[in-house]
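Right, one structure below, let's go through it.
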Amino acid sequence: MLSGWLRRTLWTVLAIAVLVGVVGSLGLWWLHRAMISSLPVIDGTIQLSGLSSPVTIRRDGHGVPHIEAATLDDLFVAQGFVTAQDRLFQMDGLRRNAAGELAEILGSSLVEHDKAMRVLQFRNVAQRVYSTLPEADRHGFEEYAIGVNQFIAQNQHRLPAEFRLLHYRPKPWTGMDSVLIGLNMVETLDAHWDVKLSRERVAYRLHDAKLEAQLYPVGSWRDQPPTAAVADMTQPHPAPTMDDEETDQTQTRVQPPGRPGEDVRALRRVLGLAACDGCMAGSNNWVIAGKHTASGKAMLANDMHLGLSVPNIWYMADLKAPGLHVAGVTLPGLPLVIAGYNEHVAWGFTALYADVQDLYVEHLDGKGNYSGAKGEWLPLAHAPETIHVLFAKDVHLDVQLTAHGPLLNPILKNETRPIALHWTLYDPALATIPLFQMNTAANWDQFSAALGAWCWPTQNVVYADDAGHIAYHAVGKVPWRPAGLVGVPIQDALHEWQGYIPFDEMPYSVDPPSGLLATANSRVTPNDTKFPLTLEWSDPYRAERVYMDLRGRDKLTREDMLAVQTDIYSSVDQELAHRFSYAIDHTAGADARLKQAADLLRSWDGRMATDSAAASILYRARQAFWPLILEPKLGSDADEYQWSEKYFAEEEIIMHGTGAGIAQPLGAASTWLPSGYKDWDALLTEAVRKGLEAGKAPADLSHWNYGSWHVIDLEHPIFGMLPMAKGWSGTGEQPLSGDSTTVKQVGRAFGPSQRLTVDWGAPDASTENLVLGESGDPVSPWFRDQWAAWYGGTTFPLPFSQAAVSAQTSHTLALVP
């Protein structure tokens, strides 16, 4: 028999377990009821003040709202209302993210994030931009805010469950909040200042200009600029060179660089930058002339690669009012369509990677002054900031500013030099967001005129219209630097900006003879460009593969476009697999496991498929390679290295290293060989061995499926932290094909945020799909209804014409004055 104390202990444990179960069940029941109660009204009639006439909202089978209004003002009000129906908590989170106000609702763990956003001055920039917008644009933002606030006012007791769980109510929406939403995207796509800090440290430790150049290439022989003739990419081409005036990394260093490592890594985490190696925000887009399509009409494809979230970053909508009919993806919180098509033109974006930021090491006198560009002493400006923190005291921050911009030192704890960030975002002369002009353009002349007013972020825009024209243009205000681009903090007075590159001097192409234009963040200019744009293009592999997939083909269809968007073949991965297998073959003492790895690598088809063992081996070997060559030279600073063309640098170093029968065009590549290795083959063999070890590969490597560990896992920012809701508020871990060098560029929470194909031969058959769905509410049928298509590489049409919308309408809501 059990003793008395043991029996009492068991009963106590049982009682606690039952209590926990009951509390958990009650919590789950409450949360589920809260989610159900906050589902939007999608049928019937709702009265809205601020409308002049009734507005009709038709929802199709995927919950996409097709909004038809009698006036533009009514359309903006309705768009604000309907978007808030599905995404209010996300909208509030996005504006708080940009304004640095997350700690107010989530506590002290978000203070560092909020400090970073306050130092970067996003809230003050948003106020300035909003106050100086053209009157018509500002009016549209105000009407949108009316619609959002109408939803908030009418649903005070049935707000989304996140508000009730966190026990707060959203503040009224303002036009300035919409600008803040846009600034989130600017920060995601145009911020590269952290790379300049890291590069400075790496260069300081290397102290070797040739090795630095190999780590930080500027363009590649694989590049296919859309502004140049289509190249024969079956043959190697010489690597592009930078003109002497294009880049100047040599400066008189008055102080040694700081140690930004931990600061920069922490900032990347809190700001959501570079979530995984090679996961740089970017995208794919291309346009094809009718002579190459099955319909004889132009086609456009666009898939924008960003950090993936729950709910999606994008919200699909179809907007119709006199003078405007446009469909595509919107940013929740911002009126109009960002990327999509109207009745005549279609457009899509990829990040340009233009350099719109410089870091300046300022000179202070210790009395509140800094040295100006002409050597005169000027007073520091001050921007006081107060961060409210849930359950804690306010945090007060004094942001100091020079003529260049804010001093970043409050968020660079290990940096003793005063470093200011100069950014086009801070220029008070820049304040145009020409979305309305783009949404209403009817031809290339009108559309390109709108693009000329685009300020930020810098983008590659491709265009196709119903008249058969295709075009490309780089957009955004890019500083003109006569003294050259600088990839590290500037410590002299010679590298001041001299205005901006004229719009007509930005890269562009209209109706090229090839009938094909494509971009994927890699170099878009020829080598001899008059106005250099950046030192940091993206790796060339996606753009190269798009051209190889499409070049020389005719009768192309929408299905062909989707096949390219979901392509998981990597020529560089296959090339490196052969090089690693060669190394193992030529390394004495390679064991049976390594020889099996070599056999799998040499016979691999280069597809990063979830069932591929070779993909596992190759990916892990590449990860292991970098520490082997960087740590002997950089020590603890090895983690500092990051670069958008890191994988091209890796290809060149691996392929041109020292080895029997291996060419060495880099010349200095052999200096990467650390002591203790007989030759380059031995080093590469060690990379494979370490990769197997780090990845915990099984004894029989043929059973090491890539998808067993390379996964996608999207979790709700709030519900994902609750065990009782985690399982049904996200995707959980799912095997993921592709990598950072495939057209389908992916990571654990990164990848194509949408997929669009516009076919002017059949506009109603044009397709668009998100990652999850339109709704942010996990109990909504439209919360995750698009996931199967996104994950499985399929898609569906987005109805556009009146007939198509009517045929696919599943719910109708009337908004009336």
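Within segment 170-216, the set of residues being open to solvent by 20 Å² or more (accessible area, probe 1.4 Å), closer than 28 Å to ALA638 by Cβ and not hydrophobic (A, V, I, L, M, F, W, C) comprises THR188, HIS192, TYR204, ARG205, HIS207, ASP208, LYS210, GLU212, GLN214. Of the listed requirements (1) of a type in the set (A, V, I, L, M); (2) modelled with pLDDT of 95 or more; (3) out of contact with any Lys or Arg (no Cβ under 7 Å at 6 or more places or on another chain), VAL488 misses just one: (3).
Considering segment 386-398, and only residues there that are open to solvent by 10 Å² or more (accessible area, probe 1.4 Å) and in contact (Cβ under 8 Å) with a residue 24 or more places away in the chain, the residue that is farthest from SER108 (Cα to Cα) turns out to be LEU397. Condition test on GLU631, is it under 27 Å from PRO752 (Cα atoms) and either open to solvent by 50 Å² or more (accessible area, probe 1.4 Å) or not in a helix (DSSP H, G or I) (or both)? Criteria not met by GLU631.
Taking segment 502-539 as the range and being of a type in the set (A, V, I, L, M) and surrounded by 21 or more Cβ atoms within 10 Å (Cβ to Cβ) as the test, the residues that pass are MET506, LEU516, LEU517, ALA518, ALA520, VAL524, LEU533, LEU535. Candidates are the residues of segment 767-784 that are part of a loop (DSSP other than H, G, I, E, B) and in contact with a Phe, Trp or Tyr (Cβ under 7 Å, 6 or more places away or on another chain); the one that is surrounded by the fewest Cβ atoms within 10 Å (Cβ to Cβ) is PRO778.
Taking the criterion of being open to solvent by 40 Å² or more (accessible area, probe 1.4 Å) and assigned to a loop (DSSP other than H, G, I, E, B), the residues of segment 399-426 that qualify are ALA403, LYS413, ASN414, THR416. What do you reckon, is GLY730 at pLDDT below 95 and either within 27 Å of ILE617 (Cβ to Cβ) or part of a strand (DSSP E or B) (or both)? The answer is no for GLY730.
Condition check ((1) of a type in the set (A, V, I, L, M, F, W, C); (2) more than 30 Å from ASP92 (Cβ to Cβ)) across all residues:
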{"position": "PRO698", "(1), (2)": "no, yes"}
{"position": "HIS703", "(1), (2)": "no, yes"}
{"position": "SER708", "(1), (2)": "no, yes"}
{"position": "ASP713", "(1), (2)": "no, no"}
{"position": "LEU722", "(1), (2)": "yes, no"}
{"position": "GLY738", "(1), (2)": "no, yes"}
{"position": "THR741", "(1), (2)": "no, yes"}
{"position": "PHE750", "(1), (2)": "yes, no"}
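Looking only at helices (runs of 4 or more DSSP H) that lie completely in segment 51-163, which have at least 3 residues being of a type in the set (Gly, Ala, Ser)? So the answer is 72-99, 135-154.
Restricting attention to segment 477-486, the residues that are open to solvent by less than 10 Å² (accessible area, probe 1.4 Å) and small (Gly, Ala, Ser) total 1. Being closer than 24 Å to GLU768 by Cβ and either under 29 Å from the mean Cα position of the chain (by Cα) or open to solvent by 10 Å² or more (accessible area, probe 1.4 Å) (or both) is the filter here, so list the residues in segment 50-62 that pass it. Within segment 50-62, THR56, ARG58, ARG59, ASP60, GLY61, HIS62 meet the criteria.
Does ASN149 qualify as being closer than 30 Å to LYS413 by Cα and surrounded by fewer than 22 Cβ atoms within 10 Å (Cβ to Cβ)? Against the criterion (closer than 30 Å to LYS413 by Cα and surrounded by fewer than 22 Cβ atoms within 10 Å (Cβ to Cβ)), ASN149 does not qualify. So is SER37 in contact with a Lys or Arg (Cβ under 7 Å, 6 or more places away or on another chain) and touching a residue at least 24 places away in the same chain (Cβ under 8 Å) or not? Yes. Residues in segment 554-586 that are touching a strand residue (DSSP E or B) at 6+ places or on another chain (Cβ under 8 Å) and part of a helix (DSSP H, G or I) were compared, and the one that is most open to solvent (accessible area, probe 1.4 Å) is ARG558. Can you find, within segment 587-596, the residue that is nearest to MET655 (Cα to Cα) among those that are in a loop (DSSP other than H, G, I, E, B) and open to solvent by 60 Å² or more (accessible area, probe 1.4 Å)? Among those residues, the one meeting the criterion is ALA588. State whether one or more residues within segment 397-409 are over 23 Å from ASP194 (Cα atoms) and among the hydroxyl-bearing types (Ser, Thr, Tyr). Scanning segment 397-409, I find no residue that is over 23 Å from ASP194 (Cα atoms) and among the hydroxyl-bearing types (Ser, Thr, Tyr), so the answer is no. Considered as a group, the residues in segment 427-462 that are in a helix (DSSP H, G or I) and of a type in the set (A, V, I, L, M) include one that is surrounded by the most Cβ atoms within 10 Å (Cβ to Cβ), and that residue is MET438. Screening HIS167, HIS139, HIS157 for residues that are open to solvent by 30 Å² or more (accessible area, probe 1.4 Å) and at pLDDT 95 or above leaves exactly one candidate, HIS139.
Taking segment 117-164, which residues are under 26 Å from the mean Cα position of the chain (by Cα) and among the polar types (S, T, N, Q)? GLN121, ASN124, GLN127, listed by residue number. Considering only residues that are open to solvent by less than 20 Å² (accessible area, probe 1.4 Å), of a type outside the set (D, E, K, R) and in a loop (DSSP other than H, G, I, E, B), which ones fall in segment 738-759? Within segment 738-759, GLY738, SER740, THR741, THR742, VAL743, GLN745, VAL746, SER753 meet the criteria.
For every residue, the table says whether it meets (1) aliphatic (A, V, I, L, M); (2) more than 30 Å from THR809 (Cα to Cα).
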{"site": "VAL82", "(1), (2)": "yes, no"}
{"site": "ALA103", "(1), (2)": "yes, yes"}
{"site": "HIS113", "(1), (2)": "no, yes"}
{"site": "PRO134", "(1), (2)": "no, yes"}
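Note on segment 97-106: residues that are open to solvent by 10 Å² or more (accessible area, probe 1.4 Å) and either within 20 Å of the chain's Cα centre (by Cα) or not hydrophobic (A, V, I, L, M, F, W, C) (or both) total 3.
Residue-by-condition table, conditions (1) modelled with pLDDT of 95 or more; (2) under 12 Å from the mean Cα position of the chain (by Cα); (3) more than 30 Å from GLY107 (Cβ to Cβ):
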{"site": "ARG269", "(1), (2), (3)": "no, no, no"}
{"site": "GLY282", "(1), (2), (3)": "no, yes, yes"}
{"site": "ILE288", "(1), (2), (3)": "yes, no, yes"}
{"site": "SER295", "(1), (2), (3)": "yes, no, yes"}
{"site": "LEU300", "(1), (2), (3)": "yes, no, yes"}
{"site": "TYR315", "(1), (2), (3)": "yes, no, no"}
{"site": "LYS320", "(1), (2), (3)": "yes, no, yes"}
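Can you confirm whether segment 63-86 contains a residue that is within 24 Å of PHE163 (Cα to Cα), at pLDDT 65 or above, surrounded by fewer than 22 Cβ atoms within 10 Å (Cβ to Cβ) and aliphatic (A, V, I, L, M)? No. Hey, any hits in segment 542-553 for a residue that's at pLDDT 95 or above, in a loop (DSSP other than H, G, I, E, B) and either of a type in the set (D, E, K, R) or surrounded by fewer than 23 Cβ atoms within 10 Å (Cβ to Cβ) (or both)? Checked segment 542-553: at least one residue is at pLDDT 95 or above, in a loop (DSSP other than H, G, I, E, B) and either of a type in the set (D, E, K, R) or surrounded by fewer than 23 Cβ atoms within 10 Å (Cβ to Cβ) (or both). Summed over segment 765-807, residues that are free of Cβ contacts under 8 Å to residues at least 60 places away in the same chain and in contact with a Gly (Cβ under 6 Å, 6 or more places away or on another chain) total 1.
The values are calculated or read from the model by the stated rules, or taken from the named source; none is laboratory data. In this text, all values refer to a predicted model and were calculated from it rather than measured experimentally. When we count neighbours, we look across all protein chains shown, and the Cβ atoms used for this are built from the backbone with ideal geometry, even at glycine. Surface accessibility is based on the protein's heavy atoms, side chains included, excluding ligands, DNA and RNA. Shrake-Rupley method; radii C 1.70, N 1.55, O 1.52, S 1.80 Å.
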